[in-house]
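Note sheet for the following structure.
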Amino acid sequence: MVGYDPSSQSKALSPEEAALAGSAAGMVTRALISPLDVIKIRFQLQIEQVSSRHPQGKYWGLWQASRCILTEEGLPAFWKGHVPAQLLSVCYGAVQFASFEFLTELVHHSTPYHSQMAGVHFVCGGLAACAATIACQPLDTLRTRFAAQGEPKVYHSLRHAVSTMYCTEGALAFYRGLSPTMIAVFPYAGLQFFFYNVLKNRLWPQPREGGSTGNLQNLLCGSCAGVVSKTITYPFDLFKKRLQVGGFEEARIHFGQVRTYHGFINCVARIAREEGPRGFFKGLSPSLAKAAFSTGFTFFWYELFCGILSSVKESQRAA
């Protein structure tokens, strides 16, 4: 069960154990969904319209982009930026789930609200994601830069990227795009936990024993929660990606047109003026596919690892 559950027969996980399960879930999930993430970022950063009916830019469809990247850059290109992405996933998963478990337990003991209420999960999930975002934003910026660059590479290693960005753009470069991220992450993560709670506990209740049926339920409920949440908050993810590659224009020239934005408001206004309302949803198709797999697998693996940790604790206690 995600979040503190006073009715659970097993003892609640400590923040350290929740962090371990969350980081493991993030690590496994990241390895599986990296190709979709790379394609999504390429779509988001393309100024030209992404459309198979009216192809204008380098990429105009999910399968076309996959073939193009594979042909020009090889299979490893789908895991570009995988090292900072893995660091991001491990760090984010640890902070988010440890914070979420702590906050839901705090709410249950300090307020009249039950920890398994959907509304409590929305608020606690949003706050936990904000804490994780602040902690992990530099890694997210590095991941975006690596995924966005083509050939020849501008950054040859993680160390090279960190030193180059710090020397040429300053420390604040690692926090580019933080404003739209913080605006979007609270409702996005909050809605993920909210819909996961609603789907699992109200629309598709299952016995607490778990097993293969319970694992499938976790996967499907998480996937549905991810798709709904991502659709609602998607434009802010696009704004974040556009701002994160500011000062990185030289590596983007051969992909098509490039833009330099001067802050969040300028980014929103220029996209609306130059690309129209559809510009806010570029890359939505791979993003929804990624959200379905990512959120579904995250909850699936988290619940699975939590179950394993609980079983180990029970066996140690029995011994």
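Whole-Hz Karplus values for segment 272-285 come out as 4, 6, 8, 10, x, x, 5, x, 6, 10, 5, x, 5, 4 Hz, taken residue by residue from phi with 6.51 cos²θ - 1.76 cosθ + 1.60 and θ = phi - 60°; glycine and proline positions read x. Of the trypsin sites (Lys or Arg not before Pro) found in segment 40-119, those that fall in a DSSP loop while having at most 13 other beta-carbon atoms within 10 Å are R53.
Translational diffusion coefficient of segment 1-48 (Stokes-Einstein, Kirkwood radius from Cα pairs, 10 °C, 1.306 mPa s): 116 µm²/s. Relative contact order, whole percent, for the chain stands at 27, derived from Cα pairs under 8 Å and 6 or more residues apart.
Counting only heavy atoms of protein chains, what accessible area per residue, in Å², does the chain have with a probe of 1.4 Å? Intermediate values should be presented prior to the final figure.
Values: 14450 Å² over 319 residues.
It amounts to 45 Å² per residue over the chain.
If you plug the beta carbon distance of E169 and A318 into 1/(1 + (r/R0)^6) with R0 = 41 Å, you get a FRET efficiency near 0.15.
Roughly speaking, to the nearest percent, how much of segment 65-145's 1.4 Å accessible area is carbon and sulfur? That share works out to 75 percent. Placing one equal scatterer on every Cα of segment 1-150 and applying the Debye formula, the log10 ratio I(q)/I(0) at q = 0.09, 0.12, 0.17, 0.20 Å⁻¹ is -0.40, -0.63, -0.92, -1.10. Once you have a ≥ b ≥ c as the square roots of the Cα gyration tensor eigenvalues for the chain, tell me rounded if a/c is under 1.5, and otherwise prolate or oblate according to whether a/b is larger than b/c. Prolate, because a/c is 1.5 or more and a/b exceeds b/c.
Using a Förster distance of 41 angstrom, determine the FRET efficiency expected from the C-beta separation of T231 and R273, and round it to 0.05. If you can, show how the numbers build up before the last one.
Working: r = 24 Å, r/R0 = 0.58.
About 0.95, to the nearest 0.05.
Can you list the residues, at least 5 places off or on another chain, whose amide H is less than 5 Å from the amide H of E48, using H built in the peptide plane? Residues meeting the criterion, in which the H sits 1.01 Å from N, are Q257.
Distance between the modelled labels on S14 and A135, one decimal in nanometres: 1.6 nm (7 Å Cα→Cβ projection). Enter the angle in degrees (range 0 to 90, nearest 10) between the Cα long axis of helix 62-73 and the first principal axis of the Cα atoms of the chain, meaning the one along which they spread out most. The two axes meet at around 70 degrees. Every helix of 4 or more DSSP H residues in the chain counts as -39500 (n - 2.57), and over all residues that averages to -24000 deg cm²/dmol at 222 nm.
The values are calculated or read from the model by the stated rules, or taken from the named source; none is laboratory data. Bear in mind the structure is a predicted one, so any value in this text is a computation, not a measurement. Here Cβ is always computed from backbone atoms with ideal geometry, including for glycine, and neighbour counts include all displayed protein chains. Ligands, DNA and RNA are excluded from the accessible area calculation, which covers all protein heavy atoms including side chains. Shrake-Rupley method; radii C 1.70, N 1.55, O 1.52, S 1.80 Å.
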